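The values are calculated or read from the model by the stated rules, or taken from the named source; none is laboratory data. Just so we're clear, the structure is a prediction, and the values are computed from it rather than from any experiment. We place every Cβ from the backbone using ideal geometry, glycine too, and count neighbours over all the protein chains shown.
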Amino acid sequence: MIKVPEGQSSSHAHSEVQRRLAYFNQRRDEIVSTIRELVEIESPSDNKAAVDRIAEVVAQKFSQLGGEVGIHQAKDFGNHLQIDLAGKSTKPVLLLGHYDTVYPLGTLATMPCRANGDKLTGPGVLDMKSGIALMLHALAALQQWHGGLPRPVTVLLVSDEEVGSDSSRAITESLAKKAAAVLVLEPSYGPQGAVKTARKGVGEYVVKVTGKASHAGLDFQKGVNAILELARQIERISSFTELKKGLTVNVGIVSGGSRTNVVPAEASAQVDVRIARMKDAAGIDKKMRSLRPFNRKCKIEVTGGINRPPMERTAGVAALYEQAKAIARDLGWKLGEAAVGGGSDGNFTAGLGIPTLDGLGAVGDGAHAPHEHILISELPRRAALLAGLIEAV
């Protein structure tokens, strides 16, 4: 629940809750302005210069709150940003997020950041530049209310979450191990703004088949058709799905061949794997690596693996959710929870056993899509929820 000074009556506690909501309601336009500023700095994952530009802007905003800014240099992606803010207790809470987006430079021309009634649109507005703004405004509020933060806070914002977090994972895991809890400002789930207490783990595999080329007319029988072999393998791979376990295997991209009059010597498939439980990772990995050719004249090579562990609903995750639910109840709404198929950097921290709560960001719809938007009216209570959690955990 929201912390109030000892000895206060329930009526005083209620007035404190209302004061907090009023505080953020009065600053709703400021929160929107911060979000708009961030959305209008386009930051596709594959453009280091663009992502570094938004990192500089965000770093300046956190430094104005007294944060100690650290830059983790990345060669192939944008730099990662760590901000340490001092507080009155010893173990920090980690606020986790990213400033890269899936949209190429120039998307603003056709998908502008614009308020239309209660909706604010724009590339990355939901996933997850609004989450960064909520961090900034919640921390500023706590400093004002307490004369400084009630606990230390570490903020980590990375540049490569949308493309697998290869260059940031070690940083995320290192900071999580020092934290009391991890709060992930990825978008909430659904129109009611549920938080995420479970996420599937993610794996990516490439299955490459090598056959033998020949002229499709003159020497058909001398060829070994790699595409035909791959087609048979795709049926086998697809049969690995076990819906009751929450395990799905999807062949998403297939390529092969050179010309219609050539028996194809090569073909490959890119495979997405999702697991709900870490104990299923070894089994599906073994199945993928045990693929053998139907046609013995073909060769099969399997690369890749599980790159994000699942975020499972552990006792630590459930306890964090109960705290969030109590804070939301004080604020006047029922906070739901959801298990989702997509992964985030919260998968890494939960996989280490650190209590992690995801989906604490804005309420909206259309992540990665042209209709991406957030609901402006939901921002004040999301900020109040985050501030309450930083105090409570």
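Things to note:
This table checks each residue for (1) in a helix (DSSP H, G or I); (2) in contact with a Cys (Cβ under 9 Å, 6 or more places away or on another chain); (3) at pLDDT below 95; (4) not assigned by TED's automatic domain parsing to the domain that holds residue 329.
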| residue | (1), (2), (3), (4) |
| --- | --- |
| 34 | yes, no, no, no |
| 61 | yes, no, no, no |
| 69 | no, no, no, no |
| 90 | no, no, yes, no |
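- Only one of the listed residues (359, 341) is of a type outside the set (Phe, Trp, Tyr), surrounded by fewer than 17 Cβ atoms within 10 Å (Cβ to Cβ) and within 18 Å of the chain's Cα centre (by Cα). That residue is 341.
- When each of 307, 295 is tested for being of a type outside the set (Asp, Glu), at pLDDT below 95 and not in a helix (DSSP H, G or I), the lone residue that passes is 307.
Residues are listed down the side, and each one gets a yes or a no for (1) outside any loop (DSSP other than H, G, I, E, B); (2) within 20 Å of residue 216 (Cβ to Cβ); (3) of a type in the set (Gly, Ala, Ser); (4) not assigned by TED's automatic domain parsing to the domain that holds residue 314:
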position: 240; (1), (2), (3), (4): no, no, no, yes
position: 251; (1), (2), (3), (4): yes, no, no, yes
position: 258; (1), (2), (3), (4): no, yes, yes, yes
position: 270; (1), (2), (3), (4): yes, no, no, yes
position: 273; (1), (2), (3), (4): yes, no, no, yes
position: 284; (1), (2), (3), (4): yes, no, no, yes
position: 288; (1), (2), (3), (4): yes, no, no, yes
position: 291; (1), (2), (3), (4): no, no, no, yes
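- Some residue of the range 176-187 being surrounded by fewer than 22 Cβ atoms within 10 Å (Cβ to Cβ) and touching a Gly at 6+ places or on another chain (Cβ under 9 Å): no
- Note on the range 102-154: residues that are of a type in the set (S, T, N, Q) and either touching a helix residue (DSSP H, G or I) at 6+ places or on another chain (Cβ under 9 Å) or in a strand (DSSP E or B) (or both) total 5.
- One residue alone among 197, 172 is at pLDDT 95 or above, crowded, with 18+ Cβ neighbours inside 10 Å and assigned to a helix (DSSP H, G or I), and that residue is 172.
- With respect to (1) among the aliphatic types (A, V, I, L, M); (2) over 23 Å from the mean Cα position of the chain (by Cα); (3) within 30 Å of residue 43 (Cα to Cα), the lone exception for residue 300 is condition (3).
- A count restricted to the range 362-383 and to residues that are assigned to a helix (DSSP H, G or I) and buried (at least 23 other Cβ atoms within 10 Å of the Cβ) stands at 3.
- Restricting the range 102-124 to residues that are over 19 Å from the mean Cα position of the chain (by Cα) and among the small types (Gly, Ala, Ser), the residue that is surrounded by the most Cβ atoms within 10 Å (Cβ to Cβ): 115
- When the residues of the range 241-252 are filtered to those that are under 23 Å from the mean Cα position of the chain (by Cα) and surrounded by 11 or more Cβ atoms within 10 Å (Cβ to Cβ), the one that is nearest to residue 226 (Cα to Cα) is 251.
- Residue list for the range 210-224, restricted to those being free of Cβ contacts under 8 Å to residues at least 60 places away in the same chain, surrounded by 15 or more Cβ atoms within 10 Å (Cβ to Cβ) and not hydrophobic (A, V, I, L, M, F, W, C): 214, 223
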